[in-house]
Every structure is written in structure tokens, then in C-alpha cells.
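These notes are about the structure you will find just below.
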Amino acid sequence: MDNKTITITKDDLATAIRALLPAYNVYAPAGEGERLAFAALDESRLGAINLTGSPVIPPKELLFPRSESLYTLDPETGAATVPEIAESTLIFGVRPCDLRGIENLDAAFLEKGYVDSNYAKRRENTTIIALACVTSPYETCFCESMGGDPLAAKGADVLLTETKAGDAFTAAFQTPKGLQVKLLWDSLAMDCGSAPAMTEGSKPAMTEGSKPAMTGQHNTLRVTKPDDLPQRLMAAFDDPHWAVLSEACLGCGTCSYVCPTCYCFDIDRESGAKEITEYRCWDCCMFSDYSRMAGGHNPRPTKKERLRNRYLHKLAYFDERYGMTLCVGCGRCIAKCPASLDITEVIEWGGGAL
Amino acid sequence: MTKNNGNGNAINSSRTPAVAHDCSCESNPLVPTLCEIIGITEETGDVKTFRLRGTDGQKPFSPMPGQLAMISLPRTGEAMFSITSQGEDWIESSIKRVGELTEDLHDLEVGDILGVRGPYGNHFPVEELKGKNLLFVGGGIGLAPIRSLILYVLDHREDYLRLDVLYGSRSFQDLVFKADLFENWPGLCGTHITVDAEESCWDGHVGFVPNYLEEKAFSPDNCVAVICGPPIMIKFCLDKLAAMGFSKENIITTLEMRMKCGIGKCGRCNIGSKYVCLDGPVFTLAELDELPDEK
């Protein structure tokens, strides 16, 4: 018996999530097809939960919103008011690659001198229930090539894994925050009396060496990423191939918006009569004015330089600064790029063809 | 971590990481404090120096030479500027009119309020420069960041050896800090001023900064050159300094890039894996050579 795992049948999933609603603002993938998104759940939305795919917009938006107020200014006095960020949030159904993306954001926002207050507060207040990928959610995902494991999410508070029979999830509680969730579910099991929704320890726990295999569709997209990829790509900084790679790029920014690791942001303001709001929003390094200075000078004047900076940030610069690759192999940018740009081609090129 | 230039002298601009955060924003480093403009100096037709004091009567913060401040107007936005000078209860920034925000800043008057946050970035290596001859090379508004170091060195005069300022601009009218160049600094340090083209109001040296630099033939012996100006001027001056025998470790410059956050998060001021707002703006030429050529 392992008291750190329980099993939840799929029939009882809504009951299990309902039990979390009083304690947290709960977000989970909901909706169908292209409209699948991390949605705020309430009683009326419990039926819309859909764990079969992975939303196009990754769960990073719940820690680092697309747009958020940093502070508001009184136009008369100039005095700033900083919004409170205090609500307990729970994200249900985070895929292992997206959790690694959040670990990238942790490094960017919390390390190297300054702590980003808004991110830090949200992260502190958020509990993450990850969902192992027994089926690859995207045809283009390649997390294993990037050092990921579709069935493990070490940093998650709770890890759900679909059982082999496919009719239930095993829940492993991995952190103190995860044990808070277990407390809520334990009390639920008692409430249910003779028909317990959860069975404690009834399935074997995921332990090192006895991991369950992927039982569903397991993608075969693989890429060879040598350990010295950063050095190899940096040595190719002046290679004319960067121009070839960037030719088709439209500069639309889709790759950044769907990326679980992209964290660059813009700061701007909305000027109203009674209130001025300083906000930040997602930005994309492929936009032409991203690094253009007042007076017109742009250190990355064409899409060649911009694309090179984008891929080098992901595959070399971030590694140099934080010791991890800024790509987790989720495959979204490959699936969604309207011009069919493919980061695995850059990795293959850097790893071998150079 | 220092680099050796072969003469036993080592300069490295990247000291301890900028963990210390000496500003009054309390918790959120992106929130500015309010400052009042207590003085404006018209340097040239398009450069004004703004003297800023906290609306609480206090100095907003005490920067090291070379550090940066994010200055904002509530309805226009914010941008990063070097801090050129400081006093007991004020800091000063010299701002050239080049865009939307600087246009609005130039319309301000004494008594107006603006937002300031900082100080950001590393600073000139004032400790490592002790006991050295210093050559300051500036062009146009590029003298503004260097001036913070010149003023610091003049305040600690006994710690440094021979000082020379070589500065030029397009015309006499475009020379910034004229009071320093022609009244305050001569006698305290060598001043070598040039303008690009002859004009009736100017009887000093005429010619571009790189050529004047070559003409003056400063000795590289125990000397560190600190340079800032337009990219093209820096490029030619670096060639001249190399020809004069200055090693890359003994040439220091300060960079500008577009910035939004100032705290190494927003992503846009990177050169390779370095952020100019955090790891810079001050770099030795040796350090810059290690970075991708995207300046």
C-alpha cells in the first residue's frame, strides 16, 4: 500500500474536481477540437472537461497572462496602485512538457538577481496537477528528444496517469501542495461511504524502474540533439543557412504565442481619462519593432537576424544563462506555423548537417 | 574573474551580479517612484539635462557611474537613460530628442512630475581603474554616460593618474556639457575638443573624433580608454586605439539597446546570452568580442 497514490475512476472525475472548487480557482482543458483551452471551471463547466488533447495555448498563460496590469496610475497625482494577486489557483491536466515549460519560466522570472513579483505570487499560489501522456497529444511532439519524459512530471504537485484499462487515473501526490489536494479527495472518499469514488493504493504506484509504458498513440518524431548543440549553433552564427531557414517566415508570432517556454513581454500603457493602466503582454522576437530603438536603429533588422536570435535563444543562449534548453518538444510551433517552419530542422542542422 | 592584458593589468566590467536592488519600489521592481524636475539645462538644440528629486524630497537612489534609470511619463511611456550626474538629493539625465517620449520630455518644465525607477545595470569598474591613466573618448550625446565616470574620478582624484577627455560633435552648438568642457574640467584634466566642420564661432580643433584621437597619440601605458558615441565613431576609434597599442581588456564602452523591463526578464535587450540592462551596459571590448555581433 502506498498512501501517496489513489485511483480515480473516469466516472468520478467530475466529483473529484468538484471537490476542489471551494478551495481553488480551478482551470482544466475544456472544449472540443481547436477550441480546447484551459478554462476556468465552475459547476456548469464540469461536463466540458476534455483530457484527450492538449490545448493550443499552453498553461503558461495562467502564471504569465497574455496581458496583465502591472499597476494603475492616478493621472492627477501620478500615484501608482499595484493590483493584488492572492487567489489560490489549481491547474488540472498540465502535460509533462508544459510543466517543463513552466520550469523554464521559473528560471527566467525568479532567477538572476531580480524576482518578477507578479509571476512569483502566481506561482506561489498555484497548485499543478499534471497529466501523463499515455497518448501523444500532437502528431508533432518530440519531448523525448529534448530530454523530457511523457510519463513523468517530477515538479508537479500531483501526477495523474491513465490506467492501462483506460477507465481510471492513478494520482501520485508529489509535494506538500499535492497532499493538500489529497486531503480534499480523502474527505470526499469518506463522504461517499459505501461507494467510494477513490480507492486508496489500489493500483501500483509509479516507481522508478517500473514505469507504465505509453498505452496509446506514441509519436515517432525524433531529432538528434547533441550535448554540444549550443556551441555548434554558435559556431554557425554567420552561416548563410539562417537566411534560408527564415525565408518562409511571415513574422506572425504564432510560434511564440503557442510556445510553453516563450516568456518575452512588452510593457505599454492604456491611457484613460480617470486611470492610466501600465500593462504587460506577450511579445514575439520575430516582430520587426521588437528591438528597434528610438531613432530607428535596429540590431536585428531583418527576419534572418530575428529568426536566428529566436532559435539561438531557445537552443543556446538560455542554456548558457540558465543551464536548460528553452524548447521542451511540445510540437505546437511545428503544428501551428502557417509557413511550416520546423524547429527540429534547425536542431538537425545544428546537430549534424553543419 | 579577471582577464590579463599581458602587462599585468586586468580590467573586467562584469563584477558581482546585480542582485542588490537599491530602489524604493518596495516589492514590485517595475513600479516607478515619482520625481520632480528641479532643474533643466539646455545643452544643445536637441539635448536637455533634467535634474530630478523624489517628490518626498529625497534622492530617488544613489547610482554608480554608468548605471541606468527608467524614466517615464504617465501618458507616454518609459525608456531607459544613462544617469550622467548626481548630488546630495538629486540625479541628472541628459536626454536627446529622438522619439515620442523624448519629445514629450523636452516639453516639460521645472516643477513637473515624472516617474523614475532604477538604478539598473552594472557600472564602470571604478575600483579596477584605480592607479591608472584614463582616456575618455566621447562623441555627441555619448559623453552623457561617460560624464558620470569623469565626475566620479574627479571626486576621487587622488585614486587615479593622468586624465584626458577627448570629445567631439557635429558643431560647436552640438557640444554637450559646455560648462564642464570649457570651465570646470580644464586644469583638472586634459580636454581635447573637436567639431566635425569649420565654423565661424569655433577656433578650436576641427575634424572627426577618430582622426583627432590618432593625432593626439595617447600612450597606452597603464591607460584605460572609456569610449561612447555613435556606432560608426566607436568602430573607427577602436581601430585607432588598437593601432595605438590599447589591448581589448583596456577599452571599455557602454551600450544601448531597446529595453522594457530593465531587470533582465522581458527579453529584448539581449546580445547573445547577456542582457544589456543587467549584465551591461558597461563592457570591455574583450567581453564584447565574446558576444555575437548584434550591437
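Which of the residues that make up segment A:8-20 are part of a strand (DSSP E or B) and open to solvent by less than 30 Å² (accessible area, probe 1.4 Å)?
In the first step, residues of segment A:8-20 are kept if they are part of a strand (DSSP E or B); the result is A:8-9.
Once the filter is applied, which keeps residues that are part of a strand (DSSP E or B) and open to solvent by less than 30 Å² (accessible area, probe 1.4 Å), segment A:8-20 yields only A:Ile8.
Hey, does segment A:298-313 have a residue that's within 23 Å of A:Leu151 (Cα to Cα), buried (at least 22 other Cβ atoms within 10 Å of the Cβ) and among the hydrophobic types (A, V, I, L, M, F, W, C)? There is no residue in segment A:298-313 that is within 23 Å of A:Leu151 (Cα to Cα), buried (at least 22 other Cβ atoms within 10 Å of the Cβ) and among the hydrophobic types (A, V, I, L, M, F, W, C).
State whether one or more residues within segment B:18-34 are assigned to a strand (DSSP E or B) and modelled with pLDDT of 95 or more.
Residues of segment B:18-34 assigned to a strand (DSSP E or B): B:33-34.
Going one step further and asking which of them are modelled with pLDDT of 95 or more, we end up with none.
Checked against the condition, which is being assigned to a strand (DSSP E or B) and modelled with pLDDT of 95 or more, segment B:18-34 yields no hits at all.
Just give me the residues in segment A:82-120 being touching a strand residue (DSSP E or B) at 6+ places or on another chain (Cβ under 6 Å), of a type in the set (A, V, I, L, M) and more than 14 Å from chain B (Cβ to nearest Cβ), in sequence order. Hits for segment A:82-120 are A:Leu90, A:Ile91, A:Val94, A:Leu99.
Residue check: B:Asp89 meets all listed conditions (1) free of Cβ contacts under 8 Å to residues at least 24 places away in the same chain; (2) more than 14 Å from chain A (Cβ to nearest Cβ) but one, namely (1).
I'd like the full set of residues that are free of Cβ contacts under 8 Å to residues at least 40 places away in the same chain and under 28 Å from B:Gly262 (Cα atoms), limited to segment A:232-255.
Residues of segment A:232-255 free of Cβ contacts under 8 Å to residues at least 40 places away in the same chain: A:238, A:240, A:244, A:247, A:253.
Answer for segment A:232-255, where residues must be free of Cβ contacts under 8 Å to residues at least 40 places away in the same chain and under 28 Å from B:Gly262 (Cα atoms): just A:Gly253.
Looking at A:Lys121, A:Lys154, just one residue is outside the structural domain of A:Thr344 (by TED's automatic domain parsing) and either within 30 Å of B:Asp279 (Cβ to Cβ) or part of a strand (DSSP E or B) (or both), and that residue is A:Lys121. Take A:Thr126 and tell me if it is open to solvent by 10 Å² or more (accessible area, probe 1.4 Å) and touching a residue at least 40 places away in the same chain (Cβ under 8 Å). It is false that A:Thr126 is open to solvent by 10 Å² or more (accessible area, probe 1.4 Å) and touching a residue at least 40 places away in the same chain (Cβ under 8 Å). Name every residue in segment B:105-117 that is open to solvent by less than 60 Å² (accessible area, probe 1.4 Å) and within 12 Å of chain A (Cβ to nearest Cβ), in order of residue number. Across segment B:105-117, the qualifying residues are B:Leu105, B:Asp112, B:Leu114, B:Gly115, B:Val116, B:Arg117.
Condition check ((1) open to solvent by 40 Å² or more (accessible area, probe 1.4 Å); (2) assigned to a loop (DSSP other than H, G, I, E, B)) across all residues:
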position: A:Pro22; (1), (2): yes, yes
position: A:Tyr27; (1), (2): yes, no
position: A:Gly53; (1), (2): no, yes
position: A:Phe64; (1), (2): no, yes
position: A:Gly78; (1), (2): no, yes
position: A:Leu99; (1), (2): no, no
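Screening B:Glu214 with (1) farther than 23 Å from A:Glu305 by Cβ; (2) not assigned by TED's automatic domain parsing to the domain that holds B:Gly142 gives one miss only, at (2).
In segment A:280-293, how many residues are open to solvent by 30 Å² or more (accessible area, probe 1.4 Å) and either acidic (Asp, Glu) or at the interface with chain B (Cβ under 9 Å from one of its Cβ atoms) (or both)? The number of residues fulfilling the criteria is 2.
Let's see how each residue does on (1) more than 10 Å from chain B (Cβ to nearest Cβ); (2) in a helix (DSSP H, G or I); (3) open to solvent by 20 Å² or more (accessible area, probe 1.4 Å); (4) closer than 22 Å to A:Asn219 by Cβ:
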| site | (1), (2), (3), (4) |
| --- | --- |
| A:Arg269 | no, no, yes, no |
| A:Ala273 | yes, no, yes, no |
| A:Gly295 | no, no, yes, no |
| A:Leu341 | yes, no, yes, yes |
| A:Gly350 | yes, yes, no, yes |
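Answer with yes or no whether A:Asn50 is free of Cβ contacts under 8 Å to residues at least 24 places away in the same chain and not assigned by TED's automatic domain parsing to the domain that holds A:Tyr257. Taking the combined requirement at face value, the residue satisfies it.
The values are calculated or read from the model by the stated rules, or taken from the named source; none is laboratory data. Please read all numbers here as calculations on a predicted model, not as lab measurements. Backbone-built Cβ (ideal geometry, glycine too); neighbour counts: all protein chains shown. Just the protein is used for accessible areas: all its heavy atoms, side chains included, with ligands, DNA and RNA removed. Shrake-Rupley method; radii C 1.70, N 1.55, O 1.52, S 1.80 Å.
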